[in-house]
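What follows is calculated from the coordinates using simple rules that are stated; it is not laboratory data. Only a predicted model underlies this, so the values are computations on that prediction, with no experimental measurement involved.
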Amino acid sequence: MFKNVRFIIPLFIISVLLSSCFEIIEDVTVKKDGSGNMKLTLNFSQSKTKIGAIMLMDSINGYKVPSRNEIEDQIEQAAARLRTMKGISNVSHTVDFTNFIASINFSFRNVADVNNLVKELLAEVDVKTKIPLTYRYNREEARFSKDYTFSPDVKEQYNKLKERDREVFRSASYISILRFENTISSFSNQGAKMSKNQLAIMQRLPVADLVSGKADISNQIQLSK
């Protein structure tokens, strides 16, 4: 899928060129049986005026500006590839060209299916690295684990970027939202915050802190039985 379908790149390139802000949002719902839903969103709404102006151009600084049809086609191809993966169903996507927000939504049979999905995608683009983010769920113990592995290679590539490009990552945010059917008894990541109803937990941090190794998004969550 990602050899030919780079559904985040068109908007990302424009964002870099304009030093624009954006958000990467990972919204996961896990049911008691381990199945659930995931929604991945790229939100460029804070820079919609700048991006809207660039979308009217053919190219900028040597980069071809993608058309709306090209962006929609790429996201549709990405969604089509997800539909072929084991344990993944109910795939849908949305693209909002008014606020410049793109989302892909899908259901999973088990959180392990999400790990396999990422593994397959990395293999398709010949990326020989460990999966940076994995999920585990123990139904009997009602325990959910989100494990993040920092990659020094990513930090090395980040440090090679020009200062202007690194600034884009500093202004970009990663937001993780984990939702559950039963209440949260405890969680390990002190950078995360629990909702008042104790059914969800959220963590927000600069993308730059992730790629530079300054932040950790791992979390061990104990749920009520």
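Taking 24 Å as the straight-line reach from the Cα of LYS214, the lysines in range (excluding those fewer than 8 positions away in the same chain) are LYS128, LYS130, LYS146, LYS155, LYS160, LYS162, LYS193. Remark on the range 132-225: Rg and Dmax equal 15.4, 50 Å (Cα only).
Here's how it looks for SER185: its modeled amide H is under 5 Å from those of GLN222, LEU223, SER224, which are all 5 or more places away or on a different chain.
Of all the Cα-Cα pairs you can form in the range 21-223, what percent are over 27 Å apart?
37
Taking the alpha carbon gyration tensor of the range 64-113, multiplying each eigenvalue by 5 and rooting it gives semi-axes of 25, 12, 7 Å, largest first.
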